[in-house]
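Notes follow once the structure below has been shown.
The values are calculated or read from the model by the stated rules, or taken from the named source; none is laboratory data. Since this is a predicted model, take the numbers as computed values, not measurements. All Cβ positions, glycine included, derive from the backbone under ideal geometry; neighbour counts span all protein chains shown.
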Amino acid sequence: MIFAIVFSSREDQNQKISTVPTLSSKTGECSCDLCSTHWIGFGNSSYHLFSQARTWVESHAACAELNSHLLKIDTKGELEILSVLEAKGWIGLQISESWLWEDGTTVNENLFEFLKMDDESCAYIEGNYVYTANCLSGKSYICELTI
């Protein structure tokens, strides 16, 4: 069953978000934690905003346990929905030689305002901004499940 919630935004008055529970085809019951937690669907992804403070590595592991990954921002629409939801927390962006998403792709800095601090190697989102922070600091986090 899919529930849609219509909201208004500056760019698109008809944008929709939905919560998408996953049902087992064999038993008709909810699978793993997708029904017991609050996943929000948008486009081809579902998101879960966790308020528990964890390090970046702990957040990454927690998302992996749910067969998901830390948030990867791909579009302006995705950033807009996250802003409407007042999402904040660790995202799947880290620096080695350059800023890369967990899947190894480079970041498109035209999508969002990226406020970098020296010697900080992980990133988190708050509003329309992405900030860098010490990976060992405790922050909320956002898991993304690609549908």
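A compact table of results
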| quantity | calculated |
| --- | --- |
| Residues satisfying the stated conditions in segment 49-78, i.e. among the aliphatic types (A, V, I, L, M) and buried (at least 18 other Cβ atoms within 10 Å of the Cβ) | L49, A62, L70, L71, I73 |
| Residue, farthest from E126 (Cα to Cα), within segment 29-48, restricted to residues that are surrounded by fewer than 18 Cβ atoms within 10 Å (Cβ to Cβ) and either modelled with pLDDT of 95 or more or polar (S, T, N, Q) (or both) | S31 |
| Residues located in segment 130-144, provided they are of a type outside the set (S, T, N, Q) and either part of a loop (DSSP other than H, G, I, E, B) or in contact with a Gly (Cβ under 9 Å, 6 or more places away or on another chain) (or both) | C135, L136, G138, K139, Y141, I142, E144 |
| Subset of segment 136-147 [modelled with pLDDT of 95 or more, surrounded by fewer than 19 Cβ atoms within 10 Å (Cβ to Cβ) and within 19 Å of I73 (Cα to Cα)] | S140 |
| Segment 94-129, residues that are touching an Asp or Glu at 6+ places or on another chain (Cβ under 7 Å) and not in a loop (DSSP other than H, G, I, E, B) | Y129 |
| The one condition in (1) in contact (Cβ under 8 Å) with a residue 40 or more places away in the chain; (2) surrounded by 17 or more Cβ atoms within 10 Å (Cβ to Cβ) that W99 fails to fulfil | (1) |
| Condition broken by K76, with the remaining ones in (1) at pLDDT below 95; (2) touching a helix residue (DSSP H, G or I) at 6+ places or on another chain (Cβ under 7 Å); (3) among the basic types (K, R) satisfied | (2) |
| Selection status of L82, of a type in the set (A, V, I, L, M, F, W, C) and outside any strand (DSSP E or B) | yes |
